[in-house]
1. Rank these for me by crowding, 18, 110, going from fewest to most other beta carbons within 10 Å.
2. Quote to one decimal, in nm, the extra length available between residue 69 and residue 124 on full extension: 0.36 nm per residue of separation minus the C-alpha distance between them.
3. Which of 101, 66 comes first, and how do the rest follow, when ranked by fewest Cβ neighbours within 10 Å?
4. Using 0.36 nm per residue of separation minus the Cα-Cα distance, give me the extension gain between residue 134 and residue 78 in nm, one decimal.
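Any read-out appearing in this document is the output of simple, stated calculations on the displayed coordinates, not a laboratory observation. All figures in this text were calculated on a predicted structure; none of them were measured in a lab. Because the Cβ atoms are built from the backbone with ideal geometry, glycine has one as well, and the counts that use them run over all protein chains shown.
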């Protein structure tokens, strides 16, 4: 029997034994990203980032490059923060006994999806439908 095959002994919503570890790992990765961005990109002001007291004499391309990099770092940080929120929500679903159940349709989430994305709140079908909807496509 494959390790990714559904376990007939497990009830829907009951978490596989390694979910807590997987969630801890996802949380740790996200926290490390937030800390790294804070330490590198947002630990100092513009003077600290450029080594210059003022950017008035800087070429606009140099200034825009620094601004662009900080925007990218901020986006990465926000993604990591959303990851932390998703992990916290998954832990709450564990406490409530609803972990592994799609929050949209109520069906069990495929164990393989949970293995890859232990914080997943939706089944793959509902996730795809939500993404199509966000992109303005037909549901």
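1. Details: 18 11, 110 17.
Fewest-to-most Cβ neighbours within 10 Å comes out as 18, 110.
2. Answer, rounded to one decimal: 16.5 nm.
3. So the residues, fewest neighbours to most, are 66, 101.
4. 18.3 nm is the gain from fully extending residue 134 to residue 78.
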